[in-house]
Amino acid sequence: MNPRTPRASGPSRPTRGGRRLLVTALAAALVASTAACSDGGDSPGDAAVSAQEDQGLEPAVEVDPGPAPTVELLDEGSGDLRVLAYAPSREPVTVAVTRSATSRTTVPGSEPRIDETPEQTLTVEGESEPDVDGAQRATVTALDFTSVDELRSAQFATAPGFAVTWTRSADGIVRGLSLEAPATATDAARAGVEITANAVSDATVAWPTEAIGVGARWTVTRAVDDAVAPERAVTYELTALDGDVATVTVEVGAPDTAATLDAPAPDGGPGVTLEVEAYEVTGSGGLTVDLRAPVPVDGTTESSTRAVYVDPDSGRRTTYEEDSVLDFRRAG
């Protein structure tokens, strides 16, 4: 759910960031344009274990989650108040996580660049177990990874057995993320699982440490890999609470934006500095969270980014638009 301008690191090493294309695409187009003009069930499930044994997993790759976010309670709500916290699973849960996205970059003098991620679904089974200092280890194993695009589905066929583990505090703040890929996994499967895992990590609800009830509202502000808007502020509202199952609404914004964007040239040549004329990040949705499950069990979030950049030398305007959807559904 976090739209961002990611780092320019290569695709082979997992990083915190789902979009690695924006700055590079802008720079490439602009430079070219300028030149021309249960507390312990069986873990994981039988199907996941079988996939792991058949393929074998590579050593885990650790991913830095970045600095811890700031959580601010705005309204404690009403009724019975309690501190919400994640707890060990009672049994494994299977969830289908579906993601889709599209982006469009338009630079004067060049054909628009369109990048699309057709709807693709990663089905995982997982559970949570206790870790040190009251934290939880939430682990999921890929059972299936498919796309509405047949070519992508074929490329994702090696994803089953992929393991993703989040270490998170009881309040939901992610301390660490690790990925274990099957030795036979293709680059496409690795990239697809990594991006989805990052999106799930961003969708993890962080709770206030104070007791709250239905109607409670709080904000979670975290740093993101975005050269223009380096923070995201997510406002949650607790709309229902039934035992270990909480339902929240989600609103996302970018509170502060920079006045310029430095876009490095992909060929190592001189970069481009653009004025930021407009930059808007919005997002909304709702999630159902089982406090004993590793990922949300139901709900959908949508996000969008709209940006306009101006070349101060030529006055040319570059526009960037991105829309993405993340959907969770309990499966099986």
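The values are calculated or read from the model by the stated rules, or taken from the named source; none is laboratory data. What you see is a predicted model; the values in this text were computed from it and never measured. Note: ideal-geometry Cβ built from the backbone for every residue, glycine included; neighbour counts use all protein chains shown. Accessible surface is based on the protein model in full, side chains and every heavy atom, while ligands, DNA and RNA are left aside. Shrake-Rupley method; radii C 1.70, N 1.55, O 1.52, S 1.80 Å.
Some points to look at:
Yes or no, residue by residue, for (1) closer than 16 Å to residue 284 by Cβ; (2) assigned to a loop (DSSP other than H, G, I, E, B); (3) touching a Phe, Trp or Tyr at 6+ places or on another chain (Cβ under 6 Å):
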{"position": "190", "(1), (2), (3)": "no, no, no"}
{"position": "197", "(1), (2), (3)": "no, no, no"}
{"position": "200", "(1), (2), (3)": "no, no, no"}
{"position": "206", "(1), (2), (3)": "no, yes, no"}
{"position": "209", "(1), (2), (3)": "no, yes, no"}
{"position": "213", "(1), (2), (3)": "no, no, no"}
{"position": "219", "(1), (2), (3)": "yes, no, no"}
{"position": "228", "(1), (2), (3)": "no, yes, yes"}
{"position": "234", "(1), (2), (3)": "yes, no, no"}
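- Single match in 73, 81 (criterion: surrounded by 13 or more Cβ atoms within 10 Å (Cβ to Cβ), more than 24 Å from the chain's Cα centre (by Cα) and part of a strand (DSSP E or B)): 81
- In the range 71-88, the residues that are among the charged types (D, E, K, R) and closer than 14 Å to residue 170 by Cα: 82
- Residue list for the range 106-155, filter: open to solvent by less than 40 Å² (accessible area, probe 1.4 Å), touching a Leu at 6+ places or on another chain (Cβ under 8 Å) and either among the aromatic types (Phe, Trp, Tyr) or not in a loop (DSSP other than H, G, I, E, B) (or both): 123, 124, 125, 142, 145
- Residue check, residue 164 assigned to a helix (DSSP H, G or I), of a type outside the set (S, T, N, Q) and buried (at least 22 other Cβ atoms within 10 Å of the Cβ): no
- In the range 192-219, of all residues being of a type in the set (Gly, Ala, Ser) and within 15 Å of residue 177 (Cα to Cα), the one that is surrounded by the most Cβ atoms within 10 Å (Cβ to Cβ) corresponds to 197.
- Filter result (assigned to a strand (DSSP E or B) and in contact with a helix residue (DSSP H, G or I) (Cβ under 8 Å, 6 or more places away or on another chain)) within the range 167-188: 174, 177, 179, 182
- Exactly one residue out of 262, 244 is open to solvent by 20 Å² or more (accessible area, probe 1.4 Å) and touching a Lys or Arg at 6+ places or on another chain (Cβ under 6 Å), and it is 244.
- Checked against (1) at pLDDT below 95; (2) in contact with an Asp or Glu (Cβ under 7 Å, 6 or more places away or on another chain), residue 10 meets all criteria but (2).
- Reported count of residues in the range 289-322, each being assigned to a loop (DSSP other than H, G, I, E, B) and surrounded by fewer than 16 Cβ atoms within 10 Å (Cβ to Cβ), is 4.
- Only one of the listed residues (186, 158) is crowded, with 19+ Cβ neighbours inside 10 Å, over 22 Å from residue 330 (Cα atoms) and at pLDDT 95 or above. That residue is 158.
- Residue 143 under 22 Å from residue 322 (Cβ atoms) and among the hydrophobic types (A, V, I, L, M, F, W, C): no
- In summary, residue 109 fulfils each of the numbered conditions (1) more than 30 Å from residue 310 (Cβ to Cβ); (2) in contact with a Cys (Cβ under 8 Å, 6 or more places away or on another chain) with the single exception of condition (1).
- Pick from the range 230-257, criterion of a type in the set (Gly, Ala, Ser) and touching a strand residue (DSSP E or B) at 6+ places or on another chain (Cβ under 6 Å), ranking: nearest to residue 77 (Cα to Cα): 240
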